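Coordinate-derived values only; no laboratory data. Because the structure is a prediction, the values reported are computed rather than measured. Ideal geometry is used to build each Cβ from the backbone, glycine not excepted, and the neighbour counts take in all protein chains shown.
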Amino acid sequence: MDDTTGGESRIDDLVTTITRRNAALREAQARMSELRGEGRAAAERVTVEVDRFGALTGLRIDPRAMRLGSEALAEAILGAAEQGLRDVRARADEVMRPLIAELAAANAQAVAGVDLGGQDLDDVLAALRDIRHDLRM
């Protein structure tokens, strides 16, 4: 295999990797936009749903919770909302953990020079510029 073919192969591998990571990122973003968390308080008589930012998207109050009094009910709602926020954060961590782990591993490989076949970034960029130039001809 000549040097040109090897360079093209590495570029193809790099493009494939970037495309795959991009798809994984888009999937994670879609899942994140749909995330909801749930919190409960006052013996599960108060239930809230929050979006990924912690904003309340749902509130259910069992009629028996009305006996708590206004202050206790307000505290229960706030407590359930806080629990919902912790829940949605944990779910977000679950969504992002595999992607972050893959990117961290890729970064470690790139730093070690493994990811780019021992070439430094300038060589890869030069090869990409050459390909772009050839495509324009």
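Around Gly84, what is the net charge, scoring Lys/Arg as +1 and Asp/Glu as -1 over all other residues with Cβ under 14 Å from its Cβ? All intermediate terms of the calculation are to be shown ahead of the outcome.
On the way: positive: Arg36, Arg40, Arg52, Arg60, Arg86, Arg89, Arg91; negative: Glu38, Glu44, Glu49, Asp51, Glu82, Asp87.
Neighbour charge sum, excluding Gly84 itself: +1.
When only DSSP loop residues count, what GluC sites (Glu not before Pro) in segment 25-59 have their Cβ near at most 12 other Cβ atoms within 10 Å? Could the numbers behind the result be given before it?
Working: sites: Glu27, Glu34, Glu38, Glu44, Glu49; in loops: Glu34, Glu44.
In loop regions of segment 25-59 (DSSP not H, G, I, E or B), the sparsely surrounded GluC sites (Glu not before Pro) are Glu34, Glu44.
Kirkwood hydrodynamic radius (Cα pairs, Å) of segment 3-131? Don't jump to the answer; show the numbers that get you there.
Working: mean 1/r = 0.0550 Å⁻¹.
For segment 3-131, inverting the mean 1/r across all distinct Cα pairs yields 18.2 Å.
Can you work out the FRET efficiency for the pair Arg20 and Glu94, with r the C-beta to C-beta distance and R0 = 22 Å, to the nearest 0.05? Don't skip to the end; give the middle numbers.
Working: r = 20 Å, r/R0 = 0.92.
E between Arg20 and Glu94, to the nearest 0.05, is 0.60.
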